[in-house]
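Contents: one structure, followed by commentary.
The values are calculated or read from the model by the stated rules, or taken from the named source; none is laboratory data. Computed from a predicted structure; not experimentally measured. Every residue, glycine among them, receives a Cβ derived from its backbone with ideal geometry; neighbour counts consider all protein chains shown.
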Amino acid sequence: MKKSNVFLTSDQLYTYTSQRGCGNLTPDEMNDLYQSIKNSNIPSKSCASSIYAELKQTSCSAPKFERSSSHLTITINPKKQCGIRKDTRCADCIISGKCTDEFVINLIGKKLFANKYQGK
């Protein structure tokens, strides 16, 4: 299994979730997800107050060694705590397939964790 190049984190009052690896996407898939997040309008009924995405490209050139890679970091700032449990962190909820916010499920959950959001 390839090392993750997509990471998810959430930031809410008194709780910061460290970056969680969310799998490996191709550069085109990362760019598509980045553009989706960048161009999204968060509905007022969503529990997310903001969602940021940062797409970074890194490269290294040296004699006999060239490497180029990119990674995508997604940060969610919720308006309120998850409705499942008061102490649940937003990123953990999404990763585990327990997110109940339709907007977040469609924007992130189904794209990164399709197997956990089947039928939702």
>> Pairs please, first residue from the range 89-117 and among the small types (Gly, Ala, Ser), second anywhere and surrounded by 18 or more Cβ atoms within 10 Å (Cβ to Cβ) and assigned to a helix (DSSP H, G or I), Cβ atoms under 7 Å, 6+ apart in sequence or on different chains.
In response: GLY109/ILE94
> Among TYR52, TYR16, which is among the aromatic types (Phe, Trp, Tyr), under 18 Å from ALA91 (Cα atoms), surrounded by 10 or more Cβ atoms within 10 Å (Cβ to Cβ) and modelled with pLDDT under 85?
Replying inline: TYR16
> Across the range 25-39, what is the total count of residues that are crowded, with 16+ Cβ neighbours inside 10 Å and part of a loop (DSSP other than H, G, I, E, B)?
Replying inline: 1
> Of all residues in the range 74-94 being buried (at least 21 other Cβ atoms within 10 Å of the Cβ) and part of a helix (DSSP H, G or I), which is modelled with the highest pLDDT?
Replying inline: ILE94
